[in-house]
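**Q** Structure in structure tokens, see below.
The values are calculated or read from the model by the stated rules, or taken from the named source; none is laboratory data. All of these numbers come straight from a predicted model, not from anything done at the bench. All Cβ positions, glycine included, derive from the backbone under ideal geometry; neighbour counts span all protein chains shown.
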Amino acid sequence: MIDRKPAIVARPLGVADVVTCVRWARQHDVRLTIKGGGHNIAGLAVADDALTLDMSAMRGVWVDTDANVAHAQAGCLLGDVDRETQVHGLAAVLGFVSATGIAGLTLGGGFGYMTRKYGWTSDNVLSIQVVTADGRVVRASEKENPDLFWGLRGGGGNFGIATDFEYRLYPVGPEVMAGAIAWRGDDTAQVLELYEKVTANAPSELTCPLVLRNAPPAPWLDRDVHGKPVTVILFAYSGSVEEGAKLAQPLKSFGSPVGDVIQPRPYTTIQSLLDGTQPKGRRYYWKSEYVPGVETELLTKAAEHARKTQSPHSAVIVFPLDGALGRLPEDHSAVGNRATGAVINIAGSWDDAAEDRQHIAWARDTWSDMRRFSTGGTYMNFLTEEEGDARIRDAYGSNYDRLIDVKTTWDPDNFFSVNKNVVPRG
């Protein structure tokens, strides 16, 4: 859906190349865009007649097992970090599609299967190396340039080009109890009731996203439900396999599932379980809202709208976020929205450009109806490009004015503008 043609694409191999590109773009008054993993649907990695900095050649990961930290270059995908850290039975708090770039995920906040236990991805970053708008290389942490560090953890690409992330790691895996289980659409009401009970009592090590959609032709699903409505519960437990098996039993024994792949598996496979639902080249349009929690009316409405989609790929997804987020103050970092209990993502997805209007309309209509449940906030990384300044303010809430201050200090002439932009003062 994104058809833009940069004038130049540069693929840096190191920080010196990034510095050169920033200085060249400033000297020649050329817009600069930054591509990390290329996963975000807003298309802000590219702009017409711009210099696109494609970070994909910078994919080194170094794990320090004494300190339980990892350094990862900004071109890394989530799968790169998971693969290296799992050699040591460790994991960073990352997202849930392995082809996502770590830079965009982290700078926008980031959440995944371990967020209920450990918070946003950005809460678990110890430092970030940055090339600034004037071509300097600085490090941001709690002790070095703390105002910049505050803004980078949620403020996106507004302040500089991140080239290296230092992540805190946690013991997880290498084998966990995880997977997915699905029931027919006719059983949705009963499954939603079960889902409320499971999520209400879930320990922080357990995350169970809910997916409402038409069944894909996946081999783990019964053939007779392919193309028909299904209710899917994802299951990811980051503790022991034995305890995870006990927690999974109420799901596995409920009703008549049409597919069940909750089982002991390598941690890296649950991190990539949803990859097939997000292929590059498909058409996407998302709307999202933070909601206070998971409750009956919200789930019922979500299921109603999921049944109305005409696409075999679209879905309504509910991802629980309660837990660790709320243990830190709202202004701990730019990302904010720590009072949220879940995020609901209305994920339009289809193949044919001729069908754009109908699938975008489905997403917008669903969102308009579901907004009644919103906290008023939204997740920055799920915003499409056209949503405007008001939605950016919704994503940051009470942190927005401080973000303007950080932007004014570090990028006063808005050199980094092709993003979910925070405009500097003056």
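**Q** What residue, of ASP66, ASP3, is over 20 Å from VAL93 (Cα atoms), of a type outside the set (Phe, Trp, Tyr) and either loosely packed, with under 15 Cβ neighbours inside 10 Å or touching a strand residue (DSSP E or B) at 6+ places or on another chain (Cβ under 7 Å) (or both)?
**A** Result of the check over ASP66, ASP3: ASP3.
**Q** Quick check: anything in the stretch 312-319 in contact (Cβ under 8 Å) with a residue 24 or more places away in the chain, in contact with a helix residue (DSSP H, G or I) (Cβ under 6 Å, 6 or more places away or on another chain) and not in a loop (DSSP other than H, G, I, E, B)?
**A** Going through the stretch 312-319, the residues in contact (Cβ under 8 Å) with a residue 24 or more places away in the chain turn out to be 312-319.
Cutting the leftovers down to in contact with a helix residue (DSSP H, G or I) (Cβ under 6 Å, 6 or more places away or on another chain) gives us 316.
Next, only the ones that are not in a loop (DSSP other than H, G, I, E, B) stay: 316.
Scanning the stretch 312-319, I find at least one residue that is in contact (Cβ under 8 Å) with a residue 24 or more places away in the chain, in contact with a helix residue (DSSP H, G or I) (Cβ under 6 Å, 6 or more places away or on another chain) and not in a loop (DSSP other than H, G, I, E, B), so the answer is yes.
**Q** Counting only residues that are in contact (Cβ under 8 Å) with a residue 60 or more places away in the chain and not assigned by TED's automatic domain parsing to the domain that holds TYR290, give me the helices (runs of 4 or more DSSP H) lying completely in the stretch 341-426 with at least 2 of them.
**A** Per the criteria, 400-410.
**Q** Is it the case that ALA342 is of a type in the set (A, V, I, L, M), within 22 Å of LEU107 (Cα to Cα) and crowded, with 22+ Cβ neighbours inside 10 Å?
**A** When the stated conditions are applied, ALA342 passes them.
**Q** Please verify whether GLY276 is in a loop (DSSP other than H, G, I, E, B) and either surrounded by fewer than 21 Cβ atoms within 10 Å (Cβ to Cβ) or modelled with pLDDT under 95 (or both), treating the condition exactly as stated.
**A** It is false that GLY276 is in a loop (DSSP other than H, G, I, E, B) and either surrounded by fewer than 21 Cβ atoms within 10 Å (Cβ to Cβ) or modelled with pLDDT under 95 (or both).
**Q** Next up: Cβ contacts < 7 Å: first residue farther than 16 Å from THR207 by Cβ, restricted to the stretch 250-275; second residue surrounded by 21 or more Cβ atoms within 10 Å (Cβ to Cβ) and basic (Lys, Arg), any location; separation 6+ or different chain. Result?
**A** none
**Q** OK, next. Run down LEU194, LEU234, LEU210 and say which single residue is within 27 Å of the chain's Cα centre (by Cα) and either farther than 22 Å from GLY95 by Cα or not assigned by TED's automatic domain parsing to the domain that holds HIS305 (or both).
**A** The conditions single out LEU194.
**Q** Among the residues of the stretch 260-273, is there at least one that is of a type outside the set (Ser, Thr, Tyr), assigned to a helix (DSSP H, G or I) and surrounded by fewer than 18 Cβ atoms within 10 Å (Cβ to Cβ)?
**A** No, the conditions are met nowhere in the stretch 260-273.
**Q** Looking at the stretch 67-85, can you tell me whether even one residue there is more than 23 Å from GLN271 (Cβ to Cβ) and assigned to a loop (DSSP other than H, G, I, E, B)?
**A** The answer is no, given that none of the residues of the stretch 67-85 is more than 23 Å from GLN271 (Cβ to Cβ) and assigned to a loop (DSSP other than H, G, I, E, B).
**Q** Quick check on this structure: which one of ASP351, ASP394, ASP369 is crowded, with 21+ Cβ neighbours inside 10 Å and charged (D, E, K, R)?
**A** None of the other options fit; the residue is ASP394.
**Q** Further, regarding this structure: Take residues that are crowded, with 22+ Cβ neighbours inside 10 Å and among the β-branched types (Val, Ile, Thr) and tell me which of the strands (runs of 3 or more DSSP E) falling wholly in the stretch 134-245 contain 1 or more. If you could, list the steps in order and put the result at the bottom.
**A** On the way: elements: 137-141, 161-168, 175-184, 210-214, 229-237.
The qualifying strands (runs of 3 or more DSSP E) are 161-168, 175-184, 229-237.
**Q** Now for a separate question. Considering only residues of the stretch 372-391 that are over 22 Å from ILE2 (Cα atoms) and hydrophobic (A, V, I, L, M, F, W, C), which is surrounded by the fewest Cβ atoms within 10 Å (Cβ to Cβ)?
**A** Within the stretch 372-391, the match that is surrounded by the fewest Cβ atoms within 10 Å (Cβ to Cβ) is ALA390.
**Q** Being free of Cβ contacts under 8 Å to residues at least 12 places away in the same chain and charged (D, E, K, R) is the requirement here; does ASP66 meet it?
**A** In short, yes.
**Q** A follow-up question, please. Might you check whether a residue that is closer than 21 Å to ASP275 by Cβ and either under 18 Å from the mean Cα position of the chain (by Cα) or assigned by TED's automatic domain parsing to the domain that holds VAL241 (or both) occurs anywhere in the stretch 131-154?
**A** So in the stretch 131-154, the residues closer than 21 Å to ASP275 by Cβ come out as none.
No, every residue in the stretch 131-154 fails to be closer than 21 Å to ASP275 by Cβ and either under 18 Å from the mean Cα position of the chain (by Cα) or assigned by TED's automatic domain parsing to the domain that holds VAL241 (or both).
**Q** Separate question: Out of everything in the stretch 49-63 that is in a loop (DSSP other than H, G, I, E, B) and in contact (Cβ under 8 Å) with a residue 40 or more places away in the chain, what residue ends up being nearest to the chain's Cα centre (by Cα)?
**A** MET58
**Q** Of all residues being surrounded by fewer than 17 Cβ atoms within 10 Å (Cβ to Cβ) and β-branched (Val, Ile, Thr) in the stretch 283-308, which is modelled with the lowest pLDDT? Just the residue, please.
**A** In this case the residue turns out to be THR296.
**Q** Scan the stretch 146-160 and tell me whether some residue there is among the acidic types (Asp, Glu), modelled with pLDDT of 95 or more and in contact with a strand residue (DSSP E or B) (Cβ under 8 Å, 6 or more places away or on another chain).
**A** No: the stretch 146-160 contains no residue that is among the acidic types (Asp, Glu), modelled with pLDDT of 95 or more and in contact with a strand residue (DSSP E or B) (Cβ under 8 Å, 6 or more places away or on another chain).
**Q** Count, please, the residues in the stretch 324-335 that happen to be surrounded by fewer than 20 Cβ atoms within 10 Å (Cβ to Cβ), touching a helix residue (DSSP H, G or I) at 6+ places or on another chain (Cβ under 9 Å) and either assigned to a loop (DSSP other than H, G, I, E, B) or not assigned by TED's automatic domain parsing to the domain that holds THR378 (or both).
**A** Of the residues in that region, 4 qualify.
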